[in-house]
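Below is one structure, written out as structure tokens; the observations come after it.
The values are calculated or read from the model by the stated rules, or taken from the named source; none is laboratory data. Because the structure is a prediction, the values reported are computed rather than measured. Note that each Cβ is placed from the backbone with ideal geometry, even for glycine, and that neighbours are counted across all protein chains shown.
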Amino acid sequence: MSKSWQAYAWHIIDTIAKIRQIHSKGDLAKDEILYDAALRNLQTLSEATQQLPDTKLTACSDIPWREINGFRNILVHNYLGNIDPLAIVAVIEKHLQPLEECVKAMLAE
């Protein structure tokens, strides 16, 4: 039996909380363990977004769903070698809040 899209949505919200907690522990650009933990959770978050129905994704057209999927591929396959920790910090600081708000709105419908 597969999970419902709502279970994946809650998983995204939980993962965002974990990423924020990791980010608050120190400088991801200087702490390899925090950096690795953030990457792993971003991968999990990205994979979970793929399980959301298209009908829900269109309600949040400002969220770059295709880029999130592409980001997941980079994280999993590490096409570019080391991923710039400053880029990871920018993703965390700029994109998590709107994504969280969108997913919470999906769940409230």
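Things worth noting here:
- Of residues in the stretch 6-19 being surrounded by 16 or more Cβ atoms within 10 Å (Cβ to Cβ) and in contact with a Leu (Cβ under 7 Å, 6 or more places away or on another chain), the one nearest to V89 (Cα to Cα): I19
- Residue check for R66: touching a residue at least 12 places away in the same chain (Cβ under 8 Å) and either more than 17 Å from Q6 (Cα to Cα) or in contact with a Lys or Arg (Cβ under 8 Å, 6 or more places away or on another chain) (or both): no
- Subset of the stretch 59-109 that is among the small types (G, A, S) and under 14 Å from the mean Cα position of the chain (by Cα) - its residue that is nearest to A17 (Cα to Cα): A90
- From the list Q6, Q43, the one residue that fits, being touching a residue at least 60 places away in the same chain (Cβ under 8 Å) and polar (S, T, N, Q), is Q6.
- Of all residue pairs spaced 6 or more apart or on separate chains, those with beta-carbon atoms under 6 Å, a first member in the stretch 80-109 that is under 18 Å from D31 (Cα atoms) and a second member that is among the small types (G, A, S) are P85/A29; L86/A29; I88/A38.
- For the stretch 23-32, a residue qualifies if it is over 15 Å from H95 (Cβ atoms), in a helix (DSSP H, G or I) and modelled with pLDDT of 95 or more, and exactly one does: S24.
- Scanning the stretch 60-84 for residues that are modelled with pLDDT of 90 or more and surrounded by 11 or more Cβ atoms within 10 Å (Cβ to Cβ) returns C60, I63, P64, W65, E67, I68.
- Looking across the stretch 9-40, the residues that are of a type in the set (A, V, I, L, M) and touching a residue at least 40 places away in the same chain (Cβ under 8 Å) come down to A9, I12, I13, I16, I19, L28, A29, A38, L39.
- Being out of contact with any Lys or Arg (no Cβ under 9 Å at 6 or more places or on another chain) and either of a type in the set (K, R) or over 14 Å from C102 (Cβ atoms) (or both) holds for only one residue in L34, L57, L39, and it is L39.
- Residues that are surrounded by fewer than 21 Cβ atoms within 10 Å (Cβ to Cβ) and either over 12 Å from the mean Cα position of the chain (by Cα) or of a type in the set (A, V, I, L, M, F, W, C) (or both), drawn from the stretch 26-48: G26, D27, A29, K30, D31, E32, I33, L34, Y35, D36, A37, L39
- Odd one out for H23 among (1) closer than 17 Å to E100 by Cβ; (2) surrounded by fewer than 16 Cβ atoms within 10 Å (Cβ to Cβ): (2)
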